[in-house]
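Please read the structure below before turning to the comments.
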Amino acid sequence: MTAQTGSSGAGVTPNRSVFLTRAPLRFAVIALCLLWSLPTLGIFVSSFRDARDITSTGWWEALLTPFDTAQWTLINYEQVLGSENMANAFINSLIVTIPSTVIPITVASFAAYAFAWMRFPFRGTLFMVVIALLVVPLQMALIPVQQFYTALGLGNTFISVWLAHTAFGLPLAIFLLYNFISQLPSDLFETASIDGATHFQMFTKVVLPLSIPALAAFAIFQFLWVWNDLLVALVYLGGLPDQSVMTLELSRLVGGRGQQWHILTAGAFITMLLPVLVFMLLQRYFVRGILSGSVKG
Amino acid sequence: MADETREYDKDTFRTTFLVPVGALIAVVGLAIGLYFLLDRQAAANTAAIFYELFGNDAEAELLRRGSGNTVVPKMLLAGVAMIVGVGGVWLFYWGMNTVVMRLGDRWRGSLLPWVFVGPALILLGIWLVWPVIQTVFLSLTTGDGLANWEWALTNPANHQTYINNVLWLVVGVAGAVGFGLLIAGLVDRVKREALAKTFIFLPLAISLVGASVIWRFVYTWRPPGQPQYGLLNAITEGLGFDPIPWVQTSDFRLNTFALIAILIWLQTGFAMVILSAAIKGVPTEILEAAGLDGASERQKFFKMVVPTIRGSLIMVTITTAIVVLKVFDIVYVMTGGRFNTDVVANNMYIQAFQLFDVGRASVLAVVLFLAVLPMALLNIRNIRKEGMAA
């Protein structure tokens, strides 16, 4: 929750700037944004060029003649989606990501509610354990969990990835949701329990609807995190190419087709499309999520 | 009177018949769904049935044999996963809740919290708590016991890896936080601030793998004489030098710096967002007062704003440090650890899943944990101090 000071937040002061005066400042900012986007622009432009063009002239040269339609082509995308595995990988990524986002939200919100508004023995200690687990690196869990999966015959299935991502995402989810739920006014609960509502009803009818901003923030985090994840997919899903997710597929392309930039650029761009779209549309929630609990006063 | 009786009958109908039967159907459906998800061929077989219904026997046959177009079975799988995942979880909670509510008041109060918290605790216990203990155990007992630790601490190749991690830490964090701070301060004074921030922030949505491909293109090297289509080498050549193989050159750890740049490019947005919000929280009154006293903008920024946002600065620094220490994807995709770019996370992966040396891999995991731990504790202490605790 960002703090905005009352009368005028520290922000736009007319005709002043940190290091420069106005016009150079605007120019500097524009240049900065352009510079930052340059690498991404490079592969975007290249993905529409013919394979031979990519390796014979710089992509920036193609931009000098943008309306010369002969130099643009969609064939890279056709190839990447068709004969390479990308379309399949896209579906696999969806299959992996959506349950891995929805299930942790459900489990974590029940738990966060309990930590915030219910009494039970060891509540404090257990919560500390959850928070402590926030810092444990994935690597500590990888091998034992894989041994566990192999013993149960769950190796290389989607279920193993869903469960892993759910569990790994729980500490952060519980933390974020607890922060939010514990700040809801306690009168809500008092009036509701006087009216005879059970915890379950309070949870589903009052707390959950009110928690939507926090739920949305975590959902976006988790969605992006799981979609863009490589390590967990590599370890628990790596065996069968038919089940490969986009990040896996892309890393394979780099390994196998190192210099075939017409494939790599189109492939990279396809993997980025959905997360960037999700991000752009839901930026506000994402930022709010990052800031909640990070900045105060 | 008659109406009341009708209401009462409807209610009993619901509770004694509709709800239990509905629940039973849901449970059975769930069981079928789970079975469907676990059996690899199930999706294909079901799709085959649909194909046969539409007369496409050839495709159905292919599917039953395990080949054929897997798109339809996949969609089926995804759909079932969604229903089982979401519906199943809700059904579980609702079911347990109903059961507990039927017990007496005494039991209800003490059991219900465990229904709410139980699944989370079980998942965390099995997937995080036990594995942590187990990994430490494996690191000490697999193979020659303490020899794994000896290898980790004395092997020169590992020393190179640790040096790399330190470089990543220092340069990566300084870069991301430094740029984040400067950009946040710069952009704070501009009208289209939100738009500008979006450009810087966007790379966070891109996977590390995608970012690696993007930058690999920028770093591309061709032998001198051939067209340099990598942006950086095009510039290098334009300046009159020979093109440099940025990713392969390990002199002065050039390639490691090249890889670190990728992470900085990505992480700066994160630091910028947090620091930008922090900067906006600095009261204008003190800044104006300082301005009246003759302080320049630069002095105001570095001597007043920065110290005021110290808490956020520390928090961002530590969080970025933790992210940087765990970096894996970039190194794995760009070099696989070769050319002297290896880092602990990557090495751990290679030991575990390419060399199948569980002992050494476990040690590296613990090393990583030990490296991250002090940072995390510092972060918690900082949060407490600044009064931003949960």
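Read-outs throughout are calculated quantities, based only on the coordinates presented, and are distinct from any laboratory measurement. Because the structure is predicted, anything quoted here is derived from the model rather than measured. A quick note on method: Cβ atoms are made from the backbone with ideal geometry, for glycine too, and the neighbour counts reach across all protein chains shown.
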Under the Karplus relation with 6.51, -1.76 and 1.60 and θ = phi - 60°, whole-Hz ³J(HN,Hα) for the range A:274-282, x at Gly and Pro, equal 5, x, 5, 4, 4, 4, 5, 5, 10
The summed charge of the residue B:96 Cβ neighbourhood (under 15 Å; Lys/Arg +1, Asp/Glu -1) stands at +2
So the angle from the long Cα axis of helix A:86-117 to the longest Cα principal axis of chain A, reported in degrees to the nearest 10, equals 20 degrees
Note to self: Kirkwood Rh of the protein assembly as shown, Cα pairs, one decimal, Å, is 27.7 Å
In terms of the charge dipole of chain B, which places +1 on Lys and Arg and -1 on Asp and Glu at the beta carbon, the residue among B:370, B:316, B:225 farthest towards the positive end is B:316
Toy charge model, Lys and Arg Cβ at +1, Asp and Glu Cβ at -1: the range B:81-206 dipole around Cα centroid in debye, rounded to 20, equals 640 debye
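Rounded to the nearest 20 debye, what is the charge dipole size of the protein assembly as shown about its Cα centre when +1 sits on each Lys and Arg Cβ and -1 on each Asp and Glu Cβ?
Working: 41 positive and 38 negative charges, 309 e Å.
In debye, rounded to 20, the protein assembly as shown gives about 1480.
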Quick calc, chain B, dipole around Cα centre from Cβ unit charges on Lys, Arg (+) and Asp, Glu (-), nearest 20 debye, gives 680 debye
Any DSSP H helix in chain B with Cα axial reach of 27 Å or more and mean Kyte-Doolittle score of at least -1.0? Listed by number, the hits are B:19-38, B:105-124, B:254-280, B:358-385
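A 18 angstrom limit on the alpha carbon distance is what I want to check against. Which of B:280/B:303; B:191/B:280; B:326/B:385; B:197/B:280 exceed it?
On the way: B:280/B:303 16 Å; B:191/B:280 14 Å; B:326/B:385 26 Å; B:197/B:280 14 Å.
With Cα atoms farther than 18 Å apart: B:326/B:385.
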Length-normalised contact order of the range B:293-378, Cα under 8 Å, at least 6 apart, in percent, tallies to 25 percent
Per the Cα gyration tensor, chain B corresponds to an equivalent ellipsoid with semi-axes, largest first in Å, of 49, 35, 27
By the C-alpha gyration tensor axes a ≥ b ≥ c (rounded if a/c is under 1.5, else prolate when a/b exceeds b/c, else oblate), the shape of the range B:189-233 is oblate
With residue A:75 itself left out, Lys, Arg at +1 and Asp, Glu at -1 over residues whose Cβ is under 15 Å from its Cβ give -2
With the dipole of chain A defined by +1 on each Lys or Arg Cβ and -1 on each Asp or Glu Cβ, the option from A:76, A:184, A:164 whose Cα lies farthest towards the positive pole is A:184
Quick note on A:95, B:214, ordering by fewest other C-beta atoms within 10 Å, gives A:95, B:214
Rounded to the nearest 10, the angle in degrees between the Cα long axis of helix A:22-47 and the longest principal axis of the Cα atoms of chain A comes to 70 degrees
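Dividing the alpha-carbon Rg of the range A:219-297 by 2.2 N^0.38 Å yields what?
Values: Rg = 15.7 Å, N = 79, 2.2 N^0.38 = 11.6 Å.
That ratio works out to 1.36.
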Compactness check, the range B:276-390: C-alpha Rg relative to the 2.2 N^0.38 Å globular estimate gives 1.57
Note on the range A:45-89: alpha-carbon gyration tensor, axes a ≥ b ≥ c; rule is a/c under 1.5 for rounded, else prolate if a/b larger than b/c, else oblate; result prolate
Mean-square fluctuation maximum in Gaussian network of chain A, Cα pairs under 10 Å, restricted to A:243, A:183, A:283, hits A:183
Dipole check, the range B:92-219, charges on Cβ (K,R +1; D,E -1), about Cα centroid: among B:104, B:182, B:138 the Cα furthest to the positive pole belongs to B:104
Cross-link reach from residue B:300 to aspartates and glutamates, straight Cα distance under 15 Å and at least 8 residues apart if same chain, gives B:188, B:285, B:288
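Let me know the shape class of chain A, please: from the alpha-carbon gyration tensor, a ≥ b ≥ c as square roots of the eigenvalues, rounded when a/c is under 1.5, otherwise prolate if a/b is greater than b/c, or oblate. Spell out each step's value before the answer.
On the way: a/c = 2.67, a/b = 1.33, b/c = 2.00.
Judged from the Cα gyration tensor, chain A comes out oblate (a/c at least 1.5, b/c at or above a/b).
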